[in-house]
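In what follows, a structure is listed as structure tokens, so that the remarks can point back to it.
The values are calculated or read from the model by the stated rules, or taken from the named source; none is laboratory data. From a predicted model like this one, the values you see are computed outputs, not experimental measurements. Every residue, glycine as well, gets a Cβ built from its backbone with ideal geometry; the counts of neighbours run over all protein chains shown.
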Amino acid sequence: MFVSAIVLAAGKGERFKLRVPKPLVRINSKPAVLYSLVTLSSIPSVRDIIVVVNSRTRTGIEKAIRKYNIRKVKRIVSGGRMRQDSVRCGLQALDKKSDLVLIHDGARPFIEKKAIVLLLREAGRTGAAILGVPVKATIKEAISRQLSAVSRLFVKRTLNRSALWEIQTPQAFKRSLIVRAHERYAGCEVTDDAMLVEKLGVRVSIVMGAYTNIKITTPEDLVLAEAIARKFKTGSSN
Ligand code: CTP
Ligand code: MG
């Protein structure tokens, strides 16, 4: 099986607010994106990695890849305005030999090799597989209502938690399927790649991920990331 990985690092990081771009922020003195590049590189079926960058991240990422000698990174390409535009830029740079494409957010450092191997196996069988964890919180749908001069927020309904999963990356797909989904639904607003495949009517498998596979989104996520990085270093998580 020939797997190509696309690692996204072309976002603006608007919710992160710090000056340093998210993929380059240091976690225990290593750039965040390096963690997932190292883990993906350690998986034999992952033959090449395409990193998608923007003008703020390109130089720093090129330097880090050289410094840490990540040899499976074969191409570094520029991304687009929305996340799915960046994915499309990565898909256009794919090696035509690849059977499966694994798509990953560079802002999620702590992926685990064993979960990725299971994810790839499942995607090989079904065509589409994503990582997720059962939701721990009570999730309510809210609705805002204008009452006299003020707008107030109310509960519309409570969702059935036992059926809810929080979805993560990596997500893995047969190459022809994900290329077709991105071409067909190019203008749609989505928050992950599986949504496009779901629109095609294809069933997507969920594979158990880990609660430590956090995405760095806001500054407080860094506190958690430092702690998880220490756990990873002692070998208890990877
Ligand atoms: N991403 C990308 N290209 C974009 C938007 C996002 O490559 N146009 C990448 C980000 O770099 C990140 C991943 O997609 O690794 C997940 O996106 P998110 O966490 O939303 O990151 P940002 O879009 O950078 O952050 P924000 O939404 O707060 O601006
Ligand atoms: Mg974003």
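So, residue 169, is that one touching a His at 6+ places or on another chain (Cβ under 7 Å), within 15 Å of residue 105 (Cβ to Cβ) and modelled with pLDDT of 95 or more or not?
yes
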So which residues in segment 26-82 are among the basic types (Lys, Arg) and touching an Asp or Glu at 6+ places or on another chain (Cβ under 9 Å)?
47, 72, 74, 75
Could you tell me whether residue 68 is aromatic (Phe, Trp, Tyr), surrounded by fewer than 21 Cβ atoms within 10 Å (Cβ to Cβ) and away from ligand 2 (no atom under 16 Å from the Cβ)?
yes
Can we say residue 88 is within 20 Å of the chain's Cα centre (by Cα), among the charged types (D, E, K, R) and outside any strand (DSSP E or B)?
yes
Of (1) under 18 Å from the mean Cα position of the chain (by Cα); (2) away from ligand 2 (no atom under 16 Å from the Cβ); (3) surrounded by 19 or more Cβ atoms within 10 Å (Cβ to Cβ); (4) assigned to a helix (DSSP H, G or I), residue 49 satisfies every one except (4)
Restricting the search to segment 189-204, which residues are at negative phi and either surrounded by fewer than 16 Cβ atoms within 10 Å (Cβ to Cβ) or without any contact (Cβ under 8 Å) to a residue 40 or more places away in the chain (or both)?
189, 191, 195, 198, 199, 200, 203
Checked against (1) under 23 Å from residue 114 (Cβ atoms); (2) assigned to a strand (DSSP E or B), residue 34 satisfies every condition except (2)
For segment 55-65, give me each residue that is surrounded by fewer than 20 Cβ atoms within 10 Å (Cβ to Cβ) and in a loop (DSSP other than H, G, I, E, B).
55, 56
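To keep it simple, each residue is scored yes or no on (1) outside any strand (DSSP E or B); (2) surrounded by fewer than 15 Cβ atoms within 10 Å (Cβ to Cβ).
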residue	(1), (2)
116	yes, no
120	yes, no
124	yes, no
130	no, no
133	no, no
137	yes, yes
141	no, yes
144	no, yes
153	no, yes
Against the definition (without any contact (Cβ under 8 Å) to a residue 40 or more places away in the chain and either out of contact with any Gly (no Cβ under 7 Å at 6 or more places or on another chain) or surrounded by fewer than 19 Cβ atoms within 10 Å (Cβ to Cβ) (or both)), how does residue 76 come out, yes or no?
yes
Among the candidates 77, 87, 101, 52, residue that is in contact with a Cys (Cβ under 8 Å, 6 or more places away or on another chain), within 19 Å of residue 192 (Cβ to Cβ), aliphatic (A, V, I, L, M) and at pLDDT 95 or above
52
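Residue by residue, here is whether (1) within 13 Å of ligand 2 (Cβ to nearest atom); (2) within 19 Å of residue 91 (Cα to Cα); (3) part of a helix (DSSP H, G or I) holds:
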| residue | (1), (2), (3) |
| --- | --- |
| 1 | no, yes, no |
| 5 | no, yes, no |
| 8 | yes, yes, no |
| 11 | yes, yes, no |
| 15 | yes, no, no |
